Every structure is written in C-alpha cells, then in structure tokens.
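Asks: The structure is given below, and queries will be raised subsequently.
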Amino acid sequence: MSAAAPGTSKTGHSDVVQKKKKGPGALATAYLVIYNVVMTAGWLVIAVGLVRAYLARGSYHGLYYSIEKPLKFFQTGALLEILHCAVGIVPSSVVLTGFQVMSRVFLTWAVTHSVREVQSEDSVLLFVTAWTVTEIIRYSFYTFSLLNHLPYLIKWARYTFFFALYPMGVTGELLTIYAALPFVQKTGLYSITLPNKYNFSFDYYTFLILTMISYIPLFPQLYFHMIRQRKKVLGHVDDYSKVE
C-alpha cells in the first residue's frame, strides 16, 4: 500500500508501533543519516522531474516516463529498510516493514514495469505523486530526528498529510492493478500452467485480484492506526491550542 502508518521511532523507517529501546550507536546513526539524506534527495529528484515534465508538456498525461528510472531506483532502495530492522539498528518489525516495502516494490516492478500498457494510465501518476510527497516528508522526518533537530512543520506534515495522501495512493494503486488485469489475463504474464515437472500452477491474474481484495481489511487498519499515532504525537499540541 502507498502511505504507511507513521511510527514513533526517530530512527525507524517502518510506520509501525515501535518498542522502547535505546537508539543506534554513533556509526549506525551516521549511516542512517546518510541513507535518509540520500533517499530524501532521491525523492526530491523525482518531484522535480514530475514538475519539469509537466511544465514542458503542459499536460500530466504520461509523466511516469520522465521519472521511471529514479522511481525504480529509489523505491527499490527502500529494501534496505528491511535489512535495517533485521540487524537491529532500527527498532521496527521486520515482518511489517517487509510487507510495507515489498508492496510498493511489487507495484513498481511486477505491475507498472511488467505491464507497460498501464504506464500511461493517470492512476500511475496518482500513486507516484502520493508516494513522492509522502517519502520526502518521511525521510526528512527521520533525518532531522536522528540529528535531534526536528522542525515542528515537518513533524506536523508527517502526521497530517496522510489524511489525503494515503487514500490518494491506495486509489492509484488499486486502479493501476485493475487496469493491468486484462493484459495479464491475455498474455498469461507470470502464470504457470499444468502440466509441468513440478506439478505446480500459478495464476498471476487471480493473484492480482486477491491482492486488490486484501486492501479491504488492510486499508482501514493502517489508516486508523495513523490517526491514533497522530493523536499520540500531536494530540497534546492540539489540546493546548484549544485551551488557548
């Protein structure tokens, strides 16, 4: 799914409930700062690429092609977040982080890259825009948190913009998968039919449908988790404002 639920750890990359534990050592912190700075810069490159392409063309149709390579590179680079959790320098769940990261990598490579016919769909621009804004804010948040100089504006954006960005991203993802279905069914992409020596079959078309259905229970859970996290992190500020 597109926008994951915000976590509370200043070092974590996954938007999941964090366990209380001491932060990473100096070397790990330096590495994480560099990683998050690079990822922030990467998604800024994607954002600039989208804007420049739009200004040059005067249309938002087909903007995916202008940022295809950096999108694949930096979204795939997020796989390192799973490693960060696995080795313990980030106190997040390996399973949940893996699910969140792999869902985006899957959509990037197994859907948008593999089914070229959907690349011109407006739905692709919808989720790419949502991802881009989300990731610029997210990696900036982690960078400044690691440096112990987190501006309130970034903190507020981190726990507020998801209200619009998450539904926007999920809508784009679902519409893109839906648009890919006819082409997957026609070509038999990634499907394995019987008979074969392994006596195993796999229908990628059905798998995509099941993936879409999985959004039904998962989206509300993650969305309301984000709302709870926002109340936890920003609630005291809102309460103070009401008193004033």
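The values are calculated or read from the model by the stated rules, or taken from the named source; none is laboratory data. The shown structure was predicted, so the numbers you read here are calculated from the model rather than taken from an experiment. For neighbour counting, all protein chains shown are included, and Cβ atoms are generated from backbone atoms with ideal geometry for every residue, glycine included. Accessible surface areas use protein heavy atoms only, side chains included; no ligands, DNA or RNA. Shrake-Rupley method; radii C 1.70, N 1.55, O 1.52, S 1.80 Å.
Asks: Given a 10 angstrom Cα cut-off, can you work out which residue in Phe219, Phe127, Phe73 is the most mobile in a GNM of the chain?
Replies: Phe73
Asks: Let me ask something else. Measure off 7 Å from each Cα along the Cα-to-Cβ vector at Ser114 and Lys197, then give the distance between these two points in nanometres to one decimal.
Replies: Here the answer is 2.3 nm between the modelled labels.
Asks: Which residue, Ser66, Ser114, Ser201, has the most motion in a Gaussian network model of the chain that connects Cα atoms within less than 10 Å?
Replies: Largest GNM mean-square fluctuation: Ser201.
Asks: Further, regarding this structure: How much length is gained if the chain between Lys186 and Thr160 is pulled fully straight, taking 0.36 nm per residue apart and subtracting their Cα-Cα distance, in nm to one decimal?
Replies: Separation in residues times 0.36 nm, less the Cα-Cα distance, equals 5.2 nm.
Asks: Anything in the chain that counts as a DSSP H helix reaching 24 Å or more along its axis (C-alpha) with Kyte-Doolittle mean of at least 1.0? List them, would you?
Replies: Both cut-offs are met by 26-57.
Asks: Can you pull out the chymotrypsin sites (Phe, Trp or Tyr not before Pro) in the range 128-229 that DSSP calls coil and that have at most 10 other Cβ atoms within 10 Å?
Replies: Numbers: sites: Trp131, Tyr139, Phe141, Tyr142, Phe144, Tyr152, Trp156, Tyr159, Phe161, Phe162, Phe163, Tyr178, Phe183, Tyr190, Tyr198, Phe200, Phe202, Tyr204, Tyr205, Phe207, Tyr215, Tyr223, Phe224; in loops: Tyr159, Phe161, Tyr190, Tyr198, Phe200.
In loop regions of the range 128-229 (DSSP not H, G, I, E or B), the sparsely surrounded chymotrypsin sites (Phe, Trp or Tyr not before Pro) are Tyr198, Phe200.
Asks: Taking the chain as a Gaussian network, Cα atoms linked when under 10 Å apart, which of Thr40, Thr187, Thr108 shows the biggest mean-square fluctuation?
Replies: Thr187
Asks: Given Cα positions, please report Rg to Rh for the chain, the hydrodynamic radius being the Kirkwood one.
Replies: Rounded to two decimals, Rg over Rh is 1.00.
Asks: Another question, then. Round to a whole number: what % of the accessible area of the chain belongs to carbon and sulfur, probe 1.4 Å?
Replies: C and S fraction of accessible area: 69 percent.
Asks: Using a Cα distance threshold of under 18 Å, what count of lysine pairs results for the chain when pairs must be 8 or more residues apart or interchain?
Replies: Qualifying lysine pairs in the chain: 13.
Asks: If you don't mind, there's one more thing I want to ask. Between Leu55 and Met212, how many nm apart are label points set 7 Å from Cα along the C-beta direction?
Replies: Placing both labels 7 Å along Cα→Cβ, they lie 3.8 nm apart.
Asks: Run the simple label-point estimate for Val37 and Thr76 please: 7 Å along Cα→C-beta, distance reported in nm.
Replies: Modelled inter-label distance: 2.5 nm.
Asks: Give me the 1.4 Å probe accessible area per residue for the range 85-187, excluding ligands and nucleic acids, in Å².
Replies: Details: 4310 Å² over 103 residues.
On a per-residue basis, 42 Å².
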